[in-house]
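The values are calculated or read from the model by the stated rules, or taken from the named source; none is laboratory data. Bear in mind that the values here come from a model prediction, so they are computed numbers and not experimental data. Here the Cβ positions follow ideal geometry from the backbone for every residue, glycine too, while neighbour counts run over all protein chains shown.
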Amino acid sequence: MSKNTVLKGKVRSFGKNLAYSEIGRQVARQLVNTPEENRVRKALNTHGLDNALRRVAGEHLSDGLYFAKLTIKDWRNFNGSPFRLYQNGKLVYGNQIEPPARGFPLEYRNIMVTSTDLRDFSLDIDSPYTLKIGKGAFTTPEQIKYDSQYGVKQHGDVYYSLRGNTKNPKRLLLTFPGFGPSTTRISYAVSYMKALTEQDLHETMMICFQDRYLAAGSYMMVDNSGRPLYDRVKGIIDSFVNKFGILEENMMFFGASKGGSIAISYAEDYEAAHLLLAVPQMNLPYYFNKPFFRDNLFQNSAISTLVQPQEKLLKYFQQARKIDYFYTNDDELSNRSIIEFVKDVPNLTKYRINGVHGAVARTALPSMLNIMRQFLAPMPPSSLSVTQMRQYDEESSTMVQVRVKESSRALPDDNWFLEGSLGRTKFRQIFSNGVPKFMKYLGEDQKLLHAVDDLDGFHSVTAMSANGAIATGTLPEKLNATCVVELATPADKSPIEFDADVPRTYNIIDNNNFEQFEYISSSSSKVGSTLEIRLVDDFKSDSLLNAGSDTRQIFALKINEPTELLRLFIVRAVIDCSLKKVIVSIPESLNSRILFDVQNSTEWDDIEVNIL
C-alpha cells in the first residue's frame, strides 16, 4: 500500500471523526432543520451529501456502537421463513422474511452492532447478503420525503412534527405512532390524524411524535444505545406545557397499538390529562414473543427491564383517570387479559370492537375522532329513539338486535354501540349495521359473554359520529339476565404472583374462550434457571415441595379437564419469570389431551414434560 493511499485513508478517517464529533453533530443538526431552500442545504443536495448530513445529525451512539444495514439478496427462496444475523456467534437481529415493496431490495436498517469488521458477521440462511456499518443511522428517500411531507423535525434525540395553533394554544394533543410493515421503506411513522382540520385545531397544538429508534421503533422507551428516553421526551412535553401555561386537564395523549403503549408511558406525570388508547400492548416482552419480534425487540433487555405499560395503567385506574380504551377480545397478546375484566373504575370507558388487532383502529376511527373533537370543542349530546329490542341467548353468550327510529339511521361515519355500566365504568360494545340500516345487531363475533359481561348493566344505545356528534337512546326494556352464570372474579393484578401461599385466581380470555385458573406458587431459588409447573387436581400440603436443584420458581396449577388456554398460562408464567427452561409435571390421572396442549404450548425448545 502506497504512502499516498495511507495518507488519504487517514484524512478520510479524520474527516469522519470530525463530522461525528459533538461540534460536527451540532452543526449538522442545525443545518438539517433549516429549509431545503437554504443556500448551504442546496449545495449539499447538489453534491449528493444531504443523506450524509442526516446521518451525521442523528443520535450520538455510545462508544463502540454502530448502525448496520442488512440487505438480503435471495429473499424469495426464504419468503415466510425466519432469519438471524449473528456477530461472533451472538444474535444481533432476526425477523421473519416478507416481500419488500415492489422494485426495492429487502433491507433491514439500523440494526445495532459493536463491530465494523464484516468478517465478524454471519447469516443463518444460505442467501447472498450485504452489510453496511457506520456511525450514522440509515434512511431511505421515501422516509426523507415522508418526513418533509409531515413536517417532522429533529430536536436533539427526539423527533416530532407540530400542527394546529403553535402561537397561543389552550390545549395540547399528543400523538404517538404504531408499527408499519417490517419491510416498509418508511420505518418511522407519525400519527398525523389528517382528518383533523386546522379549524379543529384552532385552539390546540398537536405534537406528533416519531419513534425513530432501532430498526422500527423502541416504543420510545430507549434510544439506539439502550439509554432510557423518558426524561428527554418529557422535557420536550414540559417545555410546551410551561411555555403556554397548558393545564393538565387540557392535555390528551393518543396512540394506537405501539402508540397506545407509548401514550400510557408518557402520561405518567399528567394525572388530570385525558388518555385515548386503542389496542395498546400491556406487557412488551409478552407481545414480543412472536415471529416478527422474537429475534429483535424480544432480545432487548433494556426494554424488558423498564416499567411496563400494564403497571402504569393499573395505577391510572386507581387514580380514576379519564381514559377511553378501545380493544378486541381477539387480541390477547396485547390485552394480556387485563382490560376485559376491569370494572368499577371511575372515568373509564371501554369500547369493545370485533375483529383482529389491526382492524380495531380502522373500525373505530369515527369514535376516536369523535372523542378528539369533543376534547377540542365539546358538543352537547342529543337523543335517539330505540323502538325495539330482541335478545338471542346461547349457553354461554347472548346476541342482541335493536331497531332505531328512521330519523336515527346511521350516517356513513357513525359507530353504534350497545351501552352499559360495569359499576362506575362505562362499557360500549360495537354494533353491526343491518339491512335496512335502522337495524343494529351483535353478530357472532360481538356476542356478550355471560362469564364476563353483566347483562343487567346494559341500558342504552349510543351513536358516535366522526364530526363530534353523539346521541343516546334508552333500551325499551332490560336484557333478560336469568341465563347469566356467575361473573368471573375481576383480576386485581395482572402479573402472575410468584409467592402465593394461598390459592390465587387468574383470568384468561382469548376471543370467545374464557378460563379462570387457580394456583399457588413459591420462589424456590434466586439462582436457578428453571420454571416448574405442576398440574394438580387439588392442592395438597406437599404441592410445592421437593423442587429440583435448578428450580427458581414453582407453580401448582389446579386443572381437572383439558383447556386450550393452559398454554397461555404457561407462556405468561415463563415471560413473567424471565426463564426459558420449563418443566411441566402432569399426573397420569389427568386427560392425555393436556399433555398434547402442553407439548405444543411454547416456542421454547427447552421444555420438558413429566408424567407422574
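The table below gives the values:
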{"read-out": "The range 138-159 residues that are over 27 Å from D231 (Cβ atoms), paired with ones that are part of a loop (DSSP other than H, G, I, E, B) (beta carbon under 6 Å, 6 or more apart)", "value": "T140/R185; E142/R185; E142/I186; Y146/I186"}
{"read-out": "Residues satisfying the stated conditions in the range 411-440, i.e. of a type in the set (K, R) and modelled with pLDDT of 90 or more", "value": "R424, K426, R428, K440"}
{"read-out": "Whichever residue in the range 471-494 is buried (at least 18 other Cβ atoms within 10 Å of the Cβ) and closer than 27 Å to I338 by Cβ and, among such residues, is modelled with the lowest pLDDT", "value": "A491"}
{"read-out": "Test: G260 is within 15 Å of the chain's Cα centre (by Cα) and under 18 Å from L365 (Cβ atoms)", "value": "yes"}
{"read-out": "Number of positions in the range 133-152 that are of a type in the set (D, E, K, R), outside any helix (DSSP H, G or I) and exposed (fewer than 14 other Cβ atoms within 10 Å of the Cβ)", "value": "0"}
{"read-out": "Residue in the range 154-162 that is surrounded by 16 or more Cβ atoms within 10 Å (Cβ to Cβ), touching a Cys at 6+ places or on another chain (Cβ under 9 Å) and farther than 23 Å from R321 by Cβ present", "value": "yes"}
{"read-out": "Subset of the range 451-462 [at pLDDT 95 or above and crowded, with 19+ Cβ neighbours inside 10 Å]", "value": "F458, V461, T462"}
{"read-out": "Flag for G443 being over 30 Å from the mean Cα position of the chain (by Cα) and either closer than 14 Å to N329 by Cβ or modelled with pLDDT under 95 (or both)", "value": "no"}
{"read-out": "Any hit, the range 59-68, residues being assigned to a strand (DSSP E or B), modelled with pLDDT of 70 or more and closer than 23 Å to S148 by Cβ", "value": "yes"}
{"read-out": "Within the range 366-382, tally of residues that are in a loop (DSSP other than H, G, I, E, B) and in contact (Cβ under 8 Å) with a residue 12 or more places away in the chain", "value": "3"}
{"read-out": "Tally of residues being among the small types (G, A, S), within 18 Å of G151 (Cβ to Cβ) and surrounded by fewer than 16 Cβ atoms within 10 Å (Cβ to Cβ) across the range 190-238", "value": "1"}
{"read-out": "Which listed residue is surrounded by fewer than 21 Cβ atoms within 10 Å (Cβ to Cβ) and under 29 Å from L65 (Cβ atoms), from F288, F244, F292", "value": "F292"}
{"read-out": "Where a residue in the range 298-316 is at positive phi and in the same structural domain as V345 (by TED's automatic domain parsing) and its partner, wherever it lies, is at pLDDT below 90 and not in a loop (DSSP other than H, G, I, E, B), with Cβ under 7 Å and at least six apart", "value": "none"}
{"read-out": "Residue that is surrounded by the fewest Cβ atoms within 10 Å (Cβ to Cβ) [pool: residues in the range 82-113 that are part of a loop (DSSP other than H, G, I, E, B) and either at positive phi or in contact with a strand residue (DSSP E or B) (Cβ under 7 Å, 6 or more places away or on another chain) (or both)]", "value": "G103"}
{"read-out": "Residues of the range 173-208 satisfying the condition of being more than 30 Å from Y93 (Cα to Cα) and in contact with a Pro (Cβ under 8 Å, 6 or more places away or on another chain)", "value": "E203, T204, M205"}
{"read-out": "Hits in the range 524-540 (condition: surrounded by 15 or more Cβ atoms within 10 Å (Cβ to Cβ) and either over 31 Å from the mean Cα position of the chain (by Cα) or not in a strand (DSSP E or B) (or both))", "value": "S524, S525, G528, R534, L535, V536, F539"}
{"read-out": "Whichever residue in the range 152-190 is polar (S, T, N, Q) and under 26 Å from S81 (Cβ atoms) and, among such residues, is modelled with the highest pLDDT", "value": "S187"}
{"read-out": "Close pairs (8 angstrom Cβ cut-off, 6 or more residues apart or separate chains): closer than 15 Å to S521 by Cβ in the range 533-560, among the aromatic types (F, W, Y) and part of a loop (DSSP other than H, G, I, E, B) anywhere", "value": "Q553/F498; A556/F539; K558/F539"}
{"read-out": "Some residue of the range 161-171 being part of a loop (DSSP other than H, G, I, E, B), in contact (Cβ under 8 Å) with a residue 12 or more places away in the chain, among the β-branched types (V, I, T) and farther than 30 Å from E248 by Cα", "value": "no"}
{"read-out": "Every residue from the range 355-384 that is at pLDDT 95 or above, touching a Gly at 6+ places or on another chain (Cβ under 7 Å) and among the polar types (S, T, N, Q)", "value": "T363, N370, Q374"}
{"read-out": "Members of the range 68-82 found to be in contact (Cβ under 8 Å) with a residue 60 or more places away in the chain and either in contact with a Gly (Cβ under 9 Å, 6 or more places away or on another chain) or of a type in the set (G, A, S) (or both), listed by number", "value": "A68, K69, P82"}
{"read-out": "Lone unmet requirement of (1) closer than 25 Å to I339 by Cβ; (2) more than 25 Å from the chain's Cα centre (by Cα); (3) surrounded by 13 or more Cβ atoms within 10 Å (Cβ to Cβ) for T425", "value": "(2)"}
{"read-out": "Filter result for Q87 (assigned by TED's automatic domain parsing to the domain that holds A215 and touching a helix residue (DSSP H, G or I) at 6+ places or on another chain (Cβ under 9 Å))", "value": "no"}
{"read-out": "Test: residue in the range 399-422 that is more than 23 Å from F253 (Cα to Cα), in contact (Cβ under 8 Å) with a residue 12 or more places away in the chain and under 25 Å from the mean Cα position of the chain (by Cα)", "value": "yes"}
{"read-out": "Output for the range 349-365, where each listed residue is part of a loop (DSSP other than H, G, I, E, B) and surrounded by fewer than 20 Cβ atoms within 10 Å (Cβ to Cβ)", "value": "G355, V356"}
